[in-house]
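> I have a structure I would like to understand better, so I am pasting it below and will then ask my questions one at a time.
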There are 4 protein chains.
Amino acid sequence: MSQSINVTVWNEYRHEKASEKVASVYPQGMHTAIAEGLEITGQIRTATLDEPEHGLTEEVLNDTDVLIWWGHMAHGDVQDDIVERVYNRVLKGMGLIVLHSGHFSKIFKKLMGSSCDLKWREADEKERIWVVNPGHPIAEGIGEYIELPKEEMYGEHFDIPQPDELVLVSWFEGGEVFRSGCCYTRGAGKVFYFRPGHETYPTYFNPQVRKVISNAVKWAAPVNREYPKYGNAQPLETIKEKN
Amino acid sequence: MSQSINVTVWNEYRHEKASEKVASVYPQGMHTAIAEGLEITGQIRTATLDEPEHGLTEEVLNDTDVLIWWGHMAHGDVQDDIVERVYNRVLKGMGLIVLHSGHFSKIFKKLMGSSCDLKWREADEKERIWVVNPGHPIAEGIGEYIELPKEEMYGEHFDIPQPDELVLVSWFEGGEVFRSGCCYTRGAGKVFYFRPGHETYPTYFNPQVRKVISNAVKWAAPVNREYPKYGNAQPLETIKEKN
Amino acid sequence: MSQSINVTVWNEYRHEKASEKVASVYPQGMHTAIAEGLEITGQIRTATLDEPEHGLTEEVLNDTDVLIWWGHMAHGDVQDDIVERVYNRVLKGMGLIVLHSGHFSKIFKKLMGSSCDLKWREADEKERIWVVNPGHPIAEGIGEYIELPKEEMYGEHFDIPQPDELVLVSWFEGGEVFRSGCCYTRGAGKVFYFRPGHETYPTYFNPQVRKVISNAVKWAAPVNREYPKYGNAQPLETIKEKN
Amino acid sequence: MSQSINVTVWNEYRHEKASEKVASVYPQGMHTAIAEGLEITGQIRTATLDEPEHGLTEEVLNDTDVLIWWGHMAHGDVQDDIVERVYNRVLKGMGLIVLHSGHFSKIFKKLMGSSCDLKWREADEKERIWVVNPGHPIAEGIGEYIELPKEEMYGEHFDIPQPDELVLVSWFEGGEVFRSGCCYTRGAGKVFYFRPGHETYPTYFNPQVRKVISNAVKWAAPVNREYPKYGNAQPLETIKEKN
């Protein structure tokens, strides 16, 4: 039995209700598909935008080791105080995995400190996601690349801080590349951005995409340690007399 | 003649007016001492909190290549729209050098995406700032370390993202260490955090501290290139017919 | 039950035989003390310089997930072909933890590509090892710092490549700082350098030092995946006719 | 007038003599084309494999600020003592720019500490080199990407240490990506790997490729400072009496 990790999968859950096409791909919502794909030990919850407090109460967040985030058409509807709550939990150690169009979510932009803008195109293009760091735990069990027959294109320049570790880089049929798997630390929390997952494609049923997300959950799980002390501090060594 | 760089030195400029002790160290304000220490080619301006728009009008910022920031007791008085203005200029390429207690400024926290908290102590301690990256341009002309006989202590954990490049690490008499010279990129802009400079010490008259700041200005100056295009993009290659 | 990891603890094992002082601290050799301190699941072996093939046969290395290395007075006696063997295993995924004076071992210098030189002093100084990355798995269960009452000093500049992740920074009584816990990836293998452990001090009996080494073993364990293919490659996409 | 930088362009210079095709592209040798493309202030030399000491005497190297390296078919013919000489100069501060098939040169592998292996294919493929770090000085004056109509393909996994800064990523027609512009520091020296430049294509006449190389020379030029002191060191602070 491996480490127990409590995961909350958060989904905007609007596209699925607004579009027949999306609903036909994800009849139970994208969050359900993502949650079903997780191969981890621990409790798996889902939460969505239109629940009270977006399903992200203090109680839920305090019991969440890793939060997965998918949002797109309604980033602006996420309340600032809930964003602040998630942000503070990340700094205290909660892992955060931001998927696809979540690059423009309030929480990701707040943690990155940059615009997180990019190029995009919806043209049913082939994406090939290459592993550039084969020793990284997020690449475990993945072949040299993941091929997705049809996806939305995201292209550079992707306006993010340089990742602490870059694990995946995408190739797109139309001529672009993209840093698709990016690791960061913010406070005591780990953040992973993972590119694929446009709502009109069955990407979150792909076994290798699911494997990457499960790996990322394990990588992002909090470390068991006391939180650092900040503020005014007594000297640890005797300071010599000053004149 | 080297590259011409327009610098604006921004100072809160409140301590100097509120405290005789500080005024005796920096009678013309800390911004003046910092500005006088710059050995660069280009226009050097100063700006302070109590000027209209904090002295940071659109016109001033658009004509600023590198902005230097010192603030401490009045971070909360900096208007959010001016912070946003500085932030957008940094992403577009303006360099930013954040000094000492500026670690808690709105602009630095916004660019870092973390709490930027730390330990501190005012006890007239000796600080020794070691160069850990001797090939870095910010270390040019600096010896193995800079010794400051009395400074405020800042100690780890310093809650910042891992620097893209770590150039300086401080030793303190009372037993702490601190990452004192930290390089980042945000958007097209470069950001350098430099630790020393408590308002009650003549740190900004120290020739080596001045040399570091001048080096950092040169390092952070914008690169001359077109800004990337973001948003919806046409394919660069022919995308095959889809069925 | 957590992941099973096979560890080999390699020790030069010369000081203990040549010096009564060292023998009194480590009567069974430093390798034994290090091995006994490991809190992991899996097989723990030791190997020493004066065994045939230094105890590092192909068979032993192929069955080793993580190798721990302590050497000092006899770096030159390590055969080049054994160094090459260890090097190739690291690139294929074996973790390597280099301790203290191992900074000057052939294998560490070969993996770093730099001189790995530093300052040093034997003066019974207090060392305080600060955690600068509290979310990192190697910092699990460690307080804000580890205090060692007497150790050899190592000081900057430490001539290593910038670590992929910097976890620990030391403060020394005599006025120096040192990057004491440094993470790297080479090929598919992970490398961790950990500073403390001079042969005349009982450092490897310290519970927090042992905890760091155990954490590092878990962090450095190989990822379960196929090794990348290199060399001439067929195109994955049709390349258009050229004229 | 900007900083004066002495550059030595080193070329294996065998393909040009062995192949009519290569000679027709680079009638004066690739080194001459590269040297002619440099827009810098300072002395520009060339040196080739078949000169005495490969043209890299102590005198030449000591007068070289940045060395550019192109090699391919005769890596094994480069003498180990000359490699050692170049290596020592890099650690002391000389910049090194390694081009294309130089990824497998002795000097690059020695500085990287990994195999530097990769995928490759000669199929007249289009390469598009994307800027992923638009604020980096090596990207100055470059558009969003450089398009080369025909080049050799290099594909991931490229077995290098994670770059300190990643500036360029290539897209290839046949389906691969590659980290094409990679920055490192080794000792006091800066190292830049730049991918394009197969001997059968006129890549080093491309104005944007030339601009990248010129930018890299400026970035890699040594910093003007004293070299760190290593070895046994006196304490900077009084160490308390030990019992």
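> Roughly how far apart, in whole Å, are the Cα centres of the stretch C:176-197 and the stretch D:182-211?
Answer, in whole Å: 29.
> Another question, then. Restricting to the stretch C:7-220, what percent of DSSP beta bridges are antiparallel, rounded to 5?
On the way: 25 of 43 bridges.
Roughly 60 percent of the DSSP beta bridges within the stretch C:7-220 come out antiparallel.
> Give me the angle, in degrees from 0 to 90, between the Cα long axis of helix A:207-220 and the longest principal axis of the Cα atoms of chain A, rounded to the nearest 10.
Around 10 degrees separate the two axes.
> How large, in percent, is the carbon and sulfur part of the accessible surface of chain C at a probe radius of 1.4 Å? The partial results should precede the final answer.
Numbers: 3890 of 8210 Å².
Roughly 47 percent, rounded to a whole number.
> Okay, moving on. Within a 10 angstrom radius of each residue's Cβ in A:86-98, how many Cβ atoms of other chains show up on average? Whole number is fine.
1
> Also, quick follow-up: Ignoring everything except DSSP H segments at least 4 long, calculate the 222 nm mean residue ellipticity for chain A; use -39,500 (n - 2.57) per segment, divide by total residues, nearest 500.
After summing the helix terms and dividing by the residues of chain A, the value is -6000 deg cm²/dmol.
> Could you tell me whether the stretch D:163-219 comes out rounded, prolate or oblate from its Cα gyration tensor? Rule is a ≥ b ≥ c as square roots of the eigenvalues, rounded for a/c under 1.5, then prolate if a/b exceeds b/c, otherwise oblate.
oblate
> Now, a different point. Per residue, what accessible area does the stretch A:159-243 have, given a 1.4 Å probe and all protein chains present, in Å²?
That works out to 31 Å² per residue.
> Tally Lys/Arg at +1 and Asp/Glu at -1 over every other residue whose Cβ is under 12 Å from the Cβ of C:MET94; what's the total?
Its environment carries a net charge of +3.
> Considering all alpha-carbon pairs of the stretch B:77-169, what whole percent are spaced by more than 15 angstrom? If you can, show how the numbers build up before the last one.
On the way: 2986 of 4278 pairs.
Considering the stretch B:77-169, 70 percent of its Cα-Cα pairs are separated by more than 15 Å.
> Also, quick follow-up: Other chains near A:5-14: what is the mean number of their Cβ atoms within 10 Å of each residue's Cβ?
For this peptide, the per-residue mean of nearby foreign Cβ atoms is 0.
> Here's another thing I want to ask about it. Here is the link list: C:LYS92/D:LYS109; B:LYS110/B:LYS211; B:LYS150/B:LYS211; B:LYS110/B:LYS150; A:LYS110/B:LYS190. Which ones come out longer than 24 Å on Cα distance?
Distance filter (> 24 Å) returns B:LYS110/B:LYS211; B:LYS110/B:LYS150.
> Another question, if that's okay. Just report the Cα centroid separation between the stretch B:86-151 and the stretch C:150-171, whole Å.
20
> In degrees between 0 and 90, to the nearest 10, how far off the longest principal axis of chain B does helix B:80-92 point, with axes built from Cα atoms?
The answer is roughly 60 degrees.
> As an exercise, identify the trypsin sites (Lys or Arg not before Pro) in the stretch D:1-95 lying in DSSP coil whose Cβ has no more than 16 other Cβ atoms within 10 Å.
Those satisfying the criteria are D:LYS92.
> Give me the tail of P(r) for the stretch C:7-220 as a percent: Cα-Cα pairs with distance above 29 Å. Present the calculation step by step, with values, prior to reporting the outcome.
On the way: 3696 of 22791 pairs.
Looking at the stretch C:7-220, the distances longer than 29 Å represent 16 percent of pairs.
> Here's another thing I want to ask about it. Using bins 10 angstrom wide from zero, how does P(r) for the protein assembly as shown break down, in % of all Cα pairs?
Over the protein assembly as shown, the share of Cα pairs per 10 Å bin runs 2, 11, 21, 25, 22, 13, 4, 0, 0 percent.
> Which whole number gives the average count of other chain Cβ atoms within 10 Å of the Cβ atoms across peptide A:160-170?
For this peptide, the per-residue mean of nearby foreign Cβ atoms is 6.
> Quick one: net charge of D:GLY37's neighbours, Cβ under 9 Å, K/R +1, D/E -1?
Summing Lys and Arg as +1 and Asp and Glu as -1 gives 0.
> What does the charge count near B:VAL177 come to, summing +1 for each Lys or Arg and -1 for each Asp or Glu among other residues with Cβ under 9 Å from its Cβ?
Details: positive: B:ARG179, C:ARG128; negative: B:GLU156, B:GLU176.
Summing Lys and Arg as +1 and Asp and Glu as -1 gives 0.
> Of C:HIS75, C:ALA139, C:VAL86, which is farthest on the positive side of the dipole of the stretch C:7-220, counting Cα position, with +1 on Lys and Arg Cβ, -1 on Asp and Glu Cβ, and the Cα centre as origin?
After comparing all options, I get C:ALA139.
The values are calculated or read from the model by the stated rules, or taken from the named source; none is laboratory data. None of these values were measured; they are calculated from a predicted model. With ideal geometry, Cβ positions are generated from the backbone for all residues, glycine too; neighbour counts draw on all protein chains shown. We work out accessible area using only protein heavy atoms, side chains counted, and drop any ligands, DNA or RNA first. Shrake-Rupley method; radii C 1.70, N 1.55, O 1.52, S 1.80 Å.
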